[in-house]
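Here the structure comes first, spelled out in structure tokens, and everything after it is commentary.
Here, each number is a calculation from the coordinates, and none is a lab measurement. Remember, it's a predicted structure, so these values are computed and weren't measured experimentally. Here Cβ is always computed from backbone atoms with ideal geometry, including for glycine, and neighbour counts include all displayed protein chains.
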Amino acid sequence: MKYSIWIGLLIYLMLIGVCFMPWTYHADVDKYFNGFFSEQDVYGKPGKFIIFFSVVCIITMLIPKIWAKFFHIFFAGFILAYSLKTYHLFTSSYNAYTPEKQAGIYLLVLLSILSFIIALFPKVKISEDDANEVR
């Protein structure tokens, strides 16, 4: 993929931005929850985790070594798993009340899936030395 680094960079920056968007609306407390706010911090701050690993993924994506590409796949998978867990946590019903899902929670899952896909198809230039290392 010719533009995989630029697409990946855009995806990770958007993933960081999604952490600041509203994820769910809770009418019982009349508040919007996002990656950094939940009522009395009940759901924690998953935005910190997602931003940290997005930055790690950007760094590993930019390093032109094969070992960095493997770490990129691992960390992108970690973000995907954590985003799915966060989706389930934020959108689950409690006390017979189901929060209203906002666009941010859907974008979180979509962008984490795209980040994992972009990690699976890295732009790797194999030199003669790297080819000899494999043998």
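General remarks:
- Taking 0.36 nm per residue of sequence separation and removing the Cα-Cα distance, the VAL29/ASP41 pair yields an extension gain of 3.0 nm.
- Residue (of PHE70, ILE58, VAL42) at the positive-pole extreme of region 4-123, dipole from beta-carbon charges: PHE70
- Listed residues ALA119, ALA76, ALA27, most fluctuating in the chain (Gaussian network, C-alpha, under 10 Å): ALA27
- Spin-label model, TYR106 to ILE5: label points 7 Å out along the Cα-to-beta-carbon direction sit 3.4 nm apart.
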